[in-house]
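Here is the structure we will look at, set down as structure tokens.
The values are calculated or read from the model by the stated rules, or taken from the named source; none is laboratory data. The structure displayed is predicted, hence computed values, not measured ones. No Cβ is skipped: glycine too gets one built from the backbone with ideal geometry, and neighbour counts run over all protein chains shown. Heavy atoms of the whole protein, side chains included, go into the accessibility calculation; ligands, DNA and RNA do not. Shrake-Rupley method; radii C 1.70, N 1.55, O 1.52, S 1.80 Å.
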Amino acid sequence: MTIEILQTHKLLASCEAALAERYTVHKLHEIEHKAGWLAANGARIRAHAGSGVQADLMDKLPNLEIIASFGVGYDNIDIAGAKARNIRVTNTPDVLNDAVAELTVGLMISLARRIPQSDQYVRRGKWPSGNFGLLSELTGKTVGILGLGRIGKEIATRLQAMKMRVVYHGRRQQPHTPYIYYDDLEDMARDSDWLVVIAPGGKGTEGIVSRQVLEALGPDGYVVNVARGTLIDEPSMLELLQNGGLGGAALDVFVDEPEVPEAFMHLQNVVLSPHQGSATHQTRDAMGALLVANLDRHFAREPLISAVV
Ligand SMILES: O=CC(=O)O
């Protein structure tokens, strides 16, 4: 008898294929009468593959042993609820560090040099009537990294190669890092030209990039968010971008994504990206393989590779 697992949304094809080879996979998103199906079959489900599991679903899966999440962030999983029900949770850290760090540097250069806007300038035939204008560069600037975790460190290494001065803020100072630590985010923002946000999402970090922090970054300051939209006070950021209180923003994540406030579309000092930090073939395949490997370990009663709980 094969182990029965549940998906609640579509996953990467290579990951779905690997799951189907090993398990009996049920796809709740393709089932019309979800509540009825769960009531009739929920007790047979031993694993969930995907992301975004809350207590109400856990209650409908009384024999759920493990949630294997596709992604490093697990702010969309009720971790306390999982712990209380003795459900293990795994995520896919490390394998995506390089891809997210690469996109971060790309967004920064795109914003500093307005690459998307200058592409439009050429396409729209504006070049013959004058040059695009002079902009700023990363070289010699100070970048404050909010969250010097696994991805933050990869970003820091790359930004040093861009000849930037790297400083950081996080819950605590980290030993064995060459970068200056700020215990106060607003102080760091005041001393930085760039603020890169790469801390985990969730209740503990909601709105920590407040209006005061953004004002401290100031009219010549740039903010980059490759973490979660919830970390930044989005309405204040928008207002400051509109009135010149903040220099610019490069954003891969938004509070209500995939919905993006219309006002962003009219700003020339922003670069927008559709939450694609880890979106390369190489990285997404590795994330899928890690998700499957965690499930394999669990059902073989071996230690999990990347356990959250
Ligand atoms: O945002 C992406 C992830 O958490 O992996």
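Modelled label-to-label distance, R85 and Q54, 7 Å Cα→beta-carbon offset: nm?
1.3
Output wanted: per-residue J couplings in Hz (rounded whole) for the stretch 286-296, from phi through Karplus 6.51 cos²θ - 1.76 cosθ + 1.60, θ = phi - 60°, x for Gly and Pro.
Couplings: 5, 5, x, 5, 5, 4, 5, 5, 5, 5, 4 Hz.
GluC sites (Glu not before Pro) within the stretch 63-145: which are DSSP loop residues with at most 15 other Cβ atoms inside 10 Å?
Passing both the DSSP loop test and the Cβ count: E137.
For helix 97-112, what angle does its Cα long axis make with the longest principal axis of the chain, in degrees from 0 to 90 and rounded to 10?
Relative to the chain, helix 97-112 is tipped by roughly 30 degrees.
Working with all protein chains in place, sort M1, M287 by solvent-accessible area computed with a 1.4 Å probe, largest first.
Highest to lowest solvent-accessible surface, that is M1, M287.
Residues in the stretch 148-183 near a label at D191, defined as backbone nitrogen under 13 Å from the 7 Å Cα→Cβ point?
Answer for this model: 165-170, 179-183.
Report, by chain and number, residues whose modeled amide H sits under 5 Å from the one on I180, excluding near sequence neighbours (fewer than 5 apart, same chain).
Y168
Taking K83 as the anchor, which lysines have their alpha carbon closer than 29 Å to its alpha carbon, excluding any fewer than eight residues away along the same chain?
K10, K27, K34, K60, K203
Could you work out which residue, out of D59, D233, D193, moves most in a Gaussian network model of the chain, that is, has the largest mean-square fluctuation with Cα springs under 10 Å?
Of the options given, D59 has the highest mean-square fluctuation.
Taking amide H positions as placed in the peptide plane 1.01 Å from N, state which residues far from L96 in sequence (5 or more) or on other chains have amide H under 5 Å from it.
Under 5 Å from the amide H of L96 lies no amide H from a residue far enough along the sequence or on another chain.
Can you work out ³J(HN,Hα) from phi for every residue in the stretch 225-230, in order, using Karplus 6.51 cos²θ - 1.76 cosθ + 1.60 and θ = phi - 60°, giving whole Hz and x for Gly and Pro?
For the stretch 225-230, the Karplus-derived couplings read 10, 10, 10, 9, x, 5 Hz, x marking Gly and Pro.
List the residues, sorted by chain then number, that are 5 or more residues from L195 or on another chain and whose placed amide H is less than 5 Å from its amide H.
G144, Y222, V223, V224
How large is the dipole of the stretch 60-111 about the Cα centre if only Lys and Arg carry +1 and Asp and Glu carry -1, each at its Cβ, rounded to the nearest 20 debye?
So the dipole magnitude of the stretch 60-111 works out to roughly 360 debye.
Using the basic label-point model (7 angstrom from Cα toward the beta carbon), what is the Q282 to R124 distance in nanometres?
3.5
In the stretch 45-149, which trypsin sites (Lys or Arg not before Pro) fall in coil by DSSP and have 16 or fewer other Cβ atoms within 10 Å?
Those that pass, being in a loop and sparsely packed, are R85, R113, R124, K126.
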